[in-house]
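The values are calculated or read from the model by the stated rules, or taken from the named source; none is laboratory data. Just so it is clear, the structure is predicted and the values come from calculations on it, not from any experiment. Neighbour counts are summed over all protein chains in view; Cβ atoms, including those assigned to glycine, are modelled from backbone coordinates with ideal geometry. Areas reflect the complete protein model, heavy atoms only, side chains present, ligands, DNA and RNA absent. Shrake-Rupley method; radii C 1.70, N 1.55, O 1.52, S 1.80 Å.
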Amino acid sequence: MAYELLRKGKTIQIFDNNFQGNSSKVAAGIINPVTGRRIVKGWLIDDLIPAARTFYKRIENLLNQKFHHQRNVLRVLFSIKEENLWLEKTGDSLVEKYVIESNDYGLFKNKITEGEALGEVQYSAQIDMPLLLEKSQEFFSNEGMMNVELFDYDQVEIETEKVVYKNIEAEKIIFCEGHQGRKNPWFGDLPFEVAKGEVLFIKIPNADFKKILKHKLFIVPLQNDIYWIGSTYEWDDLDENPTEKEKHSLIKKLDKILTIPYEIVDHKAAIRPSTIDRRPFLGLHPEHNCLGILNGLGTKGASLAPYFVNQFVEFLLEKRPINKEANIDRFKKKD
Ligand SMILES: Cc1cc2nc3c(=O)[nH]c(=O)nc-3n(C[C@H](O)[C@H](O)[C@H](O)COP(=O)(O)OP(=O)(O)OC[C@H]3O[C@@H](n4cnc5c(N)ncnc54)[C@H](O)[C@@H]3O)c2cc1C
């Protein structure tokens with residue numbers, strides 16, 4: 001949001017207390033066009049993928065840092081039924097662009113337990129979100145636009161045409177707070193349905209996996225022989241603390257996948273800012289139009305953010321419409 005507003009010539013200030021349990025710091029950043037047992041195309045994916053590519057490439061050029069990695073997903077199929085469905089999808093005009101027939105485990109060969117068959121997804125990618133955040137914070141700090149501190153709602157003074165926060169006068173405040181948005185006094189009543197996730201970071205020396213593996217868990221290459229392993233879903237125990245229980249469940253599954261030694265180097269948890277209808281929250285407050293929200297990116301922030309940031313900025317600056325499914329107007333009480 002900050003990058004796009006800046007690109008469109010706006011003056012901005014960012015407030016972020018660099019919360020360690022933020023979802024983006026734990027996410028794998030996978031952009032996966034087809035998902036689920038039924039192998040269906042993700043919502044708006046034909047538009048999200050090109051928007052993401054353009055957006056991340058632009059930031060890569062600005063920061064002189066690569067963090068958008070084009071990576072195919074190897075999907076292990078566990079039954080003849082799954083295999084048949086995959087083959088069917090390779091000829092289905094809706095998804096055939098993304099799914100390809102494959103029986104090549106490549107570098108995973110002899111290092112993982114094989115399934116009944118294999119499929120491969122193309123046009124998928126992985127965004128190194130922690131690196132993107134770290135470099136962005138550096139960039140905005142150097143530009144004098146970064147305030148690493150907790151945002152204090154009590155200091156917001158709403159006026160008719162503007163909003164004042166501490167000594168800053170602004171046209172708008174846009175809240176992009178992830179699951180912590182549930183505590184926001186103006187938007188906290190929106191129907192979030194957040195989900196905690198736990199992940200492991202492991203080291204496998206010299207495996208050199210380049211593709212993403214979707215087995216019973218995802219195995220995602222990061223840098224320096226480190227791989228992201230995840231993840232779990234939990235809807236009740238909602239803090240950001242990693243638990244021994246989920247660690248053991250991840251290890252148990254991983255031991256059934258990997259047939260080579262590995263070392264656990266980290267274990268993290270975070271809360272996904274999901275929503276009741278699995279669609280984002282975009283829009284302005286119904287009474288105070290100097291306050292806005294961009295949230296509810298759920299399990300798909302890496303692909304949804306670029307497209308919806310563009311859309312929200314065009315709405316703010318050019319009064320273009322917001323997708324009805326994402327506009328918070330959908331929760332307006334009807335008289
Ligand atoms: C285990 C796991 C795996 C995931 N894997 C993927 C994946 O592979 N692909 C994908 O696309 N998505 C994935 N996600 C989802 C992804 O993390 C989210 O969609 C996305 O990161 C949400 O970004 P956000 O900026 O809205 O929220 P966050 O990343 O949580 O950021 C919110 C920010 O707001 C700041 N903040 C909040 N309140 C305040 C305040 N009062 N004052 C100051 N600062 C404040 C926080 O410090 C934080 O930096 C995963 C999530 C989890 C937990």
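Laid out as a table, the results:
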{"item": "Debye intensity ratio I(q)/I(0), log10, the stretch 30-127, q values 0.18, 0.19, 0.21, 0.25 Å⁻¹ (C-alpha model)", "result": "-0.86, -0.93, -1.05, -1.28"}
{"item": "Phi-based couplings in Hz for the stretch 224-236 (Karplus 6.51, -1.76, 1.60; Gly and Pro marked x)", "result": "6, 6, 9, 10, 8, 10, x, 9, 10, 10, 9, 9, 10"}
{"item": "Sequence ranges 238-245, 68-75, 253-260, ranked by mean other-Cβ count within 10 angstrom, highest first", "result": "68-75, 253-260, 238-245"}
{"item": "Local electrostatic count at residue 211 - Lys and Arg +1, Asp and Glu -1, tallied over other residues with Cβ under 9 Å", "result": "+1"}
{"item": "Using a Förster distance of 25 Å, the FRET efficiency for residue 332-residue 239 (Cβ separation, nearest 0.05)", "result": "0.20"}
{"item": "Carbon and sulfur %, accessible surface of the chain computed with the full protein complex present, 1.4 Å", "result": "48"}
{"item": "Above-threshold pairs, the threshold being 25 Å between Cα atoms, out of 109/203; 8/135; 10/333; 89/111; 211/300; 135/319", "result": "10/333; 89/111; 135/319"}
{"item": "J(HN,Hα) series, the stretch 319-334, from Karplus relation 6.51 cos²θ - 1.76 cosθ + 1.60, nearest Hz, glycine and proline x", "result": "6, 6, x, 9, 3, 4, 6, 9, 6, 5, 4, 5, 9, 4, 5, 8"}
{"item": "Virtual paramagnetic centre 7 Å along Cα→Cβ of residue 148, amide N under 18 Å, in the stretch 4-28", "result": "13-26"}
{"item": "Qualifying GluC sites (Glu not before Pro) for the stretch 279-335 [loop in DSSP, other Cβ within 10 Å: at most 10]", "result": "287"}
{"item": "Modelled label reach - residue 203, point 7 Å along Cα→Cβ, the stretch 258-284 residues with backbone N closer than 18 Å", "result": "260-268"}
{"item": "Projected area, mean over directions - the chain, Cα convex hull, nm²", "result": "18.7"}
{"item": "Formal net charge of residues neighbouring residue 312 (Cβ-Cβ distance under 10 Å; K, R +1; D, E -1)", "result": "-1"}
{"item": "Percent RCO, i.e. relative contact order, over the stretch 30-127, from Cα pairs under 8 Å lying at least 6 residues apart", "result": "41"}
{"item": "Amide hydrogen neighbours beyond the local backbone of residue 175, cut-off 5 Å, H modeled", "result": "292, 293, 294"}
{"item": "Pairwise centroid distance, computed over Cα atoms, of the stretch 25-102 with the stretch 187-229, Å", "result": "15"}
{"item": "Highest-MSF residue in the chain out of 184, 206, 295 [GNM, Cα springs under 10 Å]", "result": "206"}
{"item": "Mean accessible surface per residue for the chain, computed with a 1.4 Å probe while every protein chain stays in place, in Å²", "result": "52"}
{"item": "Virtual paramagnetic centre 7 Å along Cα→Cβ of residue 189, amide N under 20 Å, in the stretch 281-297", "result": "281-296"}
{"item": "Cα-based Rg and Dmax for the stretch 116-221, where Dmax is the largest Cα-Cα distance (Å)", "result": "20.6, 63"}
{"item": "Of the chymotrypsin sites (Phe, Trp or Tyr not before Pro) in the stretch 227-330, those whose Cβ has at most 13 other Cβ within 10 Å and which sit in DSSP loop", "result": "233, 235"}
{"item": "Under 5 Å, built H, 5+ apart or other chain: amide partners of residue 195", "result": "272, 274"}
{"item": "Estimated 222 nm signal from helices in the chain, with DSSP H stretches of n ≥ 4 weighted -39500 (n - 2.57), rounded to 500", "result": "-8000 deg cm²/dmol"}
{"item": "Using a Förster distance of 22 Å, the FRET efficiency for residue 277-residue 46 (Cβ separation, nearest 0.05)", "result": "0.60"}
{"item": "J(HN,Hα) series, the stretch 46-60, from Karplus relation 6.51 cos²θ - 1.76 cosθ + 1.60, nearest Hz, glycine and proline x", "result": "4, 8, 5, 5, x, 5, 5, 4, 4, 5, 5, 4, 4, 6, 4"}
{"item": "Residue 137 versus residue 87: modelled label distance in nm, points set 7 Å from Cα along the beta carbon direction", "result": "5.1"}
{"item": "Amide H contacts under 5 Å for residue 30, placed H, 5+ residues apart", "result": "127"}
